[in-house]
Each structure stands twice: as structure tokens, then as C-alpha cells.
Amino acid sequence: VQLQASGGGLVQAGDSLKLTCSASGGAVSNYTVGWFRQAAGKEREFVSLIRERGTTYYADSVKGRFIISKDSAKNMIYLQMDTLKPEDTAEYYCAAAIGLSYSMGKHSRSYNYWGQGTLVTVSS
């Protein structure tokens, strides 16, 4: 499966953005899809994931502010990000793998397929 992330941009603190992960060559309904982010000079970190049947998980840092969802008909995964903070500034990546549990899915090394990143910048 090929993935392409989009929707990043420059926003102010408190604003919202919606990221999209478009998939081709495979159905997102067959994959666990995760969002990760990497800030400058920092390691890539888990943000959220949605499993094949729709179960969702979030990092504590985004819980209550971000919502992951999928549209199987459009073969897309979304990350709605509300109440953005400057510390959310990072390159955001979507990734996919088959059959990941939450404990596996929060680790970037568990994913086989990655999209290019989309940059989110939140100004204070």
C-alpha cells in the first residue's frame, strides 16, 4: 500500500487542522494505520492509531484534542487536530501495517509502509 499525507500548514495556537492520509494499492480497512510526528531534533513519536475494525488509541499528549477516523469508501484516514499548541509543531507521518495491537502500534518500527510527512507549525 502507498500512503500520502497532506493537510499540514501554519496555524496559531488554539486553531484546528485536519490531516489526511490517502492510501492506494490497498484498502485501509485491512490495515492498522498510525500517525506519528517528529519535531526538529527529536525522535519520532506516536500520536494515534486506528485498527482494522476502528478501535482508536491516542498518545496522552493529544488525547481529548485529536481524533483519528477513517473513510473506507474513500480509502482515507484523517487526523482532526483541535486546540493546537506550539508543542504540536512537527512533521506528521502516516504509516500502515496489518494486524497491530496497541502495544505494537505505538512503535514506529512496527509499520511496514510510510507516507511522506506533512509539516504542521503552530505559532504562539
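The values are calculated or read from the model by the stated rules, or taken from the named source; none is laboratory data. Since the model is a prediction, treat every value here as computed from it, not as a measurement. A quick note on method: Cβ atoms are made from the backbone with ideal geometry, for glycine too, and the neighbour counts reach across all protein chains shown. Side chains included, ligands, DNA and RNA excluded: accessible areas come from the protein's heavy atoms. Shrake-Rupley method; radii C 1.70, N 1.55, O 1.52, S 1.80 Å.
Details
- Strands (runs of 3 or more DSSP E) enclosed by region 60-118 - at least 2 residues per element that are in contact with a Cys (Cβ under 7 Å, 6 or more places away or on another chain) and either basic (Lys, Arg) or over 11 Å from Phe36 (Cβ atoms) (or both): 76-81
- Residue in region 89-99 that is surrounded by fewer than 21 Cβ atoms within 10 Å (Cβ to Cβ) and closer than 29 Å to Ala13 by Cα present: yes
- Residue that is nearest to Gly26 (Cα to Cα), among those in region 67-88 that are touching a helix residue (DSSP H, G or I) at 6+ places or on another chain (Cβ under 9 Å) and open to solvent by less than 40 Å² (accessible area, probe 1.4 Å): Asn75
- Of Gly9, Gly34, all but one fail to be in contact (Cβ under 8 Å) with a residue 60 or more places away in the chain and either under 11 Å from Ala96 (Cβ atoms) or buried (at least 23 other Cβ atoms within 10 Å of the Cβ) (or both); the exception is Gly34.
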